[in-house]
Amino acid sequence: MNTHDAIRSITDRIVERSMRSRASYMKAMEKAAQAGRNRSKLACANLAHVAAASEASEKRALLAANIPNIAIVTAYNDMVSAHQPFEQFPALIRNAARKNGAIAQVAGGVPAMCDGITQGADGMELSLFSRDAIALATVVALSHNAFDASLYLGVCDKIVPGLVMGALGFGHLPAVFVPGGPMPTGLSNPEKSRIRQLYAEGKVDRSALLDAEVKSYHSAGTCTFYGTANSNQMLMEFMGLHLPGSSFVNPNTPLRDALTAAATERVIAIAPPRNQAVPLCRVLDERAFVNGIVGLLATGGSTNHTMHLVAMARCAGIILTWDDFADISAVVPLLVRAYPNGKADINHFHAAGGVGYLISSLLSAGLLNEDAVTIMGEGLDAYTSEPWLDDGQLAWRPAVSASADETVLRPVTAPFQKTGGLSVLSGNVGRAVMKVSAVLPEHRAITAPARVFVSQAELLEAYARGDLDCDFVAVLPFQGPQACGMPELHKLMPALGSLQDRGFRVALVTDGRMSGASGKVPAAIHVTPEAAADGPISRIRNGDMIVIDPQEGAIEVVVDPGEFGSRPPEKRPLRENWGTGREYFAQARYSVSSAETGASFVAPAY
């Protein structure tokens with residue numbers, strides 16, 4: 001297969017741009033690998049601690065240091081539905097490791113907060129920063145230097161990016177990521193959205209809203225809409241860190257358990273001392289990150305990954321920019337319609353052909369780096385297959401050759417649109433991103449006067465009073481990482497969606513984030529420079545005409561340049577950045593990088 005010229009060119013320019021930093025990172029990983037198998041280098045007292053709690057047979061093996069010891073880093077907790085199934089995984093993994101002549105130990109746990117719980121609440125100001133806290137917790141878990149390879153148990157929004165960032169600090173070790181799977185389909189996502197909007201309009205009461213929400217989020221597993229959590233799982237498969245076809249198998253099923261055991265077998269197969277190691281640093285190179293971006297754009301995935309992928313790449317010494325996303329989006333077609341980009345949920349996507357069909361289709365068009373290294377070996381051929389149980393035994397077979405439902409999943413030859421689901425906007429407001437795949441074409445471009453708000457609450461109060469029955473662009477500055485940790489503003493969507501449905505032209509401009517479930521209202525988000533850094537968004541005033549045009553990649557405030565440039569920036573509104581633990585992240589707000597460079601306070605500068 002021949003790689004598309006644009007994909008090859010973009011990959012090559014990332015390689016060139018990252019040459020020095022990538023070389024520095026790889027040199028550090030080579031040095032770590034050359035230091036030898038870490039457990040065998042431990043002093044006797046250190047090694048005794050490693051084995052102290054193990055049963056007798058495993059203790060002997062750990063002390064002898066002659067078989068692989070696999071680290072389990074887990075995001076298990078009971079409250080987050082996607083991570084609750086991980087409670088049973090360590091036992092499955094330990095058993096599979098024993099059967100394959102290895103040992104597995106839980107090396108540590110990482111926090112796993114739920115954005116669905118903190119939406120619109122103070123805790124959301126910790127959400128983005130939790131990613132870097134997870135990266136820190138991951139490197140602490142591995143810092144004992146007692147492991148030969150690692151398994152990472154994580155699913156949701158900040159957890160997988162944080163695990164990847166931390167794992168890359170020990171990139172000389174082989175690594176396999178182990179998903180938990182989505183919950184079965186409940187109340188449809190469009191119906192849930194309809195009830196939310198009716199509640200925002202005062203047409204149904206809280207009991208009706210709660211009933212709809214409970215029927216939507218009803219079981220263990222990932223939420224079924226195609227937000228950041230499920231975008232994470234797609235990425236791990238496209239980037240070669242999951243077993244093929246494992247991302248969207250429901251939890252607590254025989255196939256899910258078989259895949260967890262197989263993930264253990266696979267990490268042992270690519271781990272020293274008996275095998276040729278395939279370290280994580282070799283898998284996550286420039287080709288893998290381009291493949292991840294292709295998958296994101298072909299599926300209309302979460303805008304959060306315009307930051308997460310950048311931060312993850314920096315931990316591997318690779319420099320991605322939003323221009324890379326924009327240029328890939330120009331050649332990669334949109335092939336998936338899953339809510340909020342369509343009516344289907346992630347289970348429908350999986351049933352229609354899923355990731356195996358999608359990768360096969362993109363490979364046939366040359367839109368992936370087919371020679372990328374994965375945990376399965378060289379190339380992506382293994383990822384054009386799907387798992388199944390053959391008389392109770394795990395096996396793989398070729399993915400379907402045709403989509404089972406072209407309202408959900410299409411071939412490259414008949415896409416939903418010829419370009420990807422993301423636009424990068426530039427202009428005198430700064431730089432921003434917009435998820436266009438969920439927005440109808442007639443709503444994407446808008447020119448309307450600004451209405452500036454200091455908070456989500458102020459906008460929603462204006463909506464409740466009926467003050468927003470007009471065309472306008474809602475501008476919410478001081479929502480960026482330096483200001484308050486960059487919370488998601490998804491609570492605004494039912495109100496803005498209601499106004500749009502009533503015929504008004506509305507949009508959102510903010511230096512904050514939207515949920516991975518960004519919906520039907522055009523939203524220019526992640527504006528950088530942010531208002532807290534005196535970015536131009538802080539000089540927008542009520543009544544200024546705002547132009548948003550994703551087709552042209554433009555975001556402009558129509559004000560005389562001299563006047564606009566001379567305006568003093570608004571100062572950060574007084575807010576209490578304390579309570580709900582927010583005061584503990586004060587230093588993070590001072591040191592965090594911009595949205596375009598990953599919004600990270602830990603990503604190293606190799």
Counting other beta carbons within 10 Å of each Cβ, put 357, 463 in order, fewest first. 463, 357
Run the dipole for the chain about the Cα centre, Lys and Arg Cβ at +1, Asp and Glu Cβ at -1, nothing else charged, and hand back the magnitude in debye, nearest 20. 1220 debye
Cα centroids of region 128-145 and region 358-427: how far apart, whole angstrom? 31 Å
Quick one: helix 89-99 against the long Cα principal axis of the chain, what's the angle to the nearest 10°, folded into 0 to 90? 30 degrees
So if each residue of separation counts as 0.36 nm, and I subtract the Cα-Cα distance between residue 590 and residue 571, what length gain in nm does that give? 5.2 nm
Nearest 5 percent is fine: what portion of the DSSP beta bridges confined to the chain is antiparallel? 50 percent
May I ask for the distance between the Cα centers of region 244-260 and region 40-83, given as a whole number of Å? 25 Å
If you put +1 on each Lys and Arg Cβ and -1 on each Asp and Glu Cβ, how big is the dipole of region 536-599 around its Cα centre, in Debye rounded to 20? 460 debye
What order, most packed first, do the peptides 494-505, 331-342 have when packing is the mean number of other Cβ atoms within 10 Å of each residue? 331-342, 494-505
Which listed residue (399, 292, 71) has the Cα farthest towards the positive end of the charge dipole for the chain, taking +1 on Lys and Arg C-beta and -1 on Asp and Glu C-beta about the Cα centre? 71
Full extension between residue 471 and residue 578 adds, at 0.36 nm per residue less the Cα distance, a length in nm of 34.9 nm
Provide 425, 142, 210 in ascending order of the number of other Cβ atoms located within 10 Å of each residue's Cβ, fewest first. 210, 142, 425
What is region 7-130 by shape, rounded, prolate or oblate, if you read a ≥ b ≥ c off the alpha carbon gyration tensor as root eigenvalues and call it rounded for a/c under 1.5, prolate for a/b larger than b/c, and oblate otherwise? oblate
Classify region 342-496: rounded, prolate or oblate, from the alpha-carbon gyration tensor (a ≥ b ≥ c, eigenvalue square roots; a/c under 1.5 rounded; otherwise prolate if a/b is larger than b/c)? prolate
By average C-beta atoms within 10 angstrom, highest first, the peptides 472-483, 196-207: 472-483, 196-207
For region 422-597, what does the alpha-carbon gyration tensor say about shape, rounded, prolate or oblate, given a ≥ b ≥ c as the root eigenvalues, a/c under 1.5 as rounded, and a/b over b/c as prolate? rounded
Compute the angle between helix 305-315 and the longest alpha-carbon principal axis of the chain, please, reported from 0 to 90 degrees and rounded to the nearest 10. 40 degrees
Just rank 348, 49, 443, fewest to most, by other beta-carbon atoms within 10 angstrom. 49, 443, 348
Report the one residue of 219, 35, 130 whose Cα lies farthest in the direction of the positive end of the charge dipole of the chain (charges on C-beta: Lys and Arg +1, Asp and Glu -1; origin at the Cα centre). 35
Let's test the formula: R0 of 22 Å, r as the Cβ-Cβ distance of residue 406 and residue 440. What FRET efficiency results, to the nearest 0.05? 0.70
For helix 5-17, report the angle its Cα long axis makes with the longest principal axis of the Cα atoms of the chain; keep it between 0 and 90° and round to the nearest 10°. 80 degrees
Enumerate the residues in region 302-340 having an amide nitrogen under 15 Å from the point lying 7 Å beyond the Cα of residue 17 toward its Cβ. 306-330
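Read-outs: derived from the displayed coordinates by stated rules, not from any lab. Since the model is a prediction, treat every value here as computed from it, not as a measurement. Cβ coordinates were reconstructed from backbone atoms using ideal geometry, including for glycine residues, and neighbour counts include every protein chain displayed.
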